[in-house]
Amino acid sequence: MVGFGSVGYLLLITFLRVGELSAIMPFRYSRIVILLILGNLVTEECPSSSMLFGSALVTFSGLYIIWREQLSSKRLDWK
């Protein structure tokens, strides 16, 4: 199990070096949602409301930054 996690993390680092950041970051933020679901299914752990609020805040902030950067790059291409 540790081997899969290590390989996955190494691939993530490689993709961050090679790929475009705006294409990769939504997958990093989806990791929060996936781990919340796995934590609930595997350990029957119920996240608190503050944890859900913080996770949503981090995820939506990152997605907003990606969206804003895409808009600003389109404006620079347009000029």
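A few points about this structure:
- Qualifying residue in the stretch 45-66 (condition: among the charged types (D, E, K, R), in a loop (DSSP other than H, G, I, E, B) and without any contact (Cβ under 8 Å) to a residue 40 or more places away in the chain): yes
- Close contacts from the stretch 8-21, counting a first residue that is of a type in the set (A, V, I, L, M, F, W, C) and a second that is assigned to a helix (DSSP H, G or I) and surrounded by 11 or more Cβ atoms within 10 Å (Cβ to Cβ), with Cβ to Cβ under 7 Å and a gap of 6+ residues or different chains, come to Phe15/Ile24; Leu16/Ile24.
- In the stretch 1-22, the residues that are charged (D, E, K, R) and either part of a loop (DSSP other than H, G, I, E, B) or in contact with a helix residue (DSSP H, G or I) (Cβ under 9 Å, 6 or more places away or on another chain) (or both): Glu20
- Filtered residue count, the stretch 35-44, keeping only those that are touching an Asp or Glu at 6+ places or on another chain (Cβ under 6 Å) and outside any helix (DSSP H, G or I): 0
- Summed over the stretch 48-78, the residues that are small (Gly, Ala, Ser) and surrounded by 12 or more Cβ atoms within 10 Å (Cβ to Cβ) give a count of 4.
Every read-out reported here was derived from the displayed coordinates using simple, explicitly stated rules and does not represent laboratory data. All figures in this text were calculated on a predicted structure; none of them were measured in a lab. All Cβ positions, glycine included, derive from the backbone under ideal geometry; neighbour counts span all protein chains shown.
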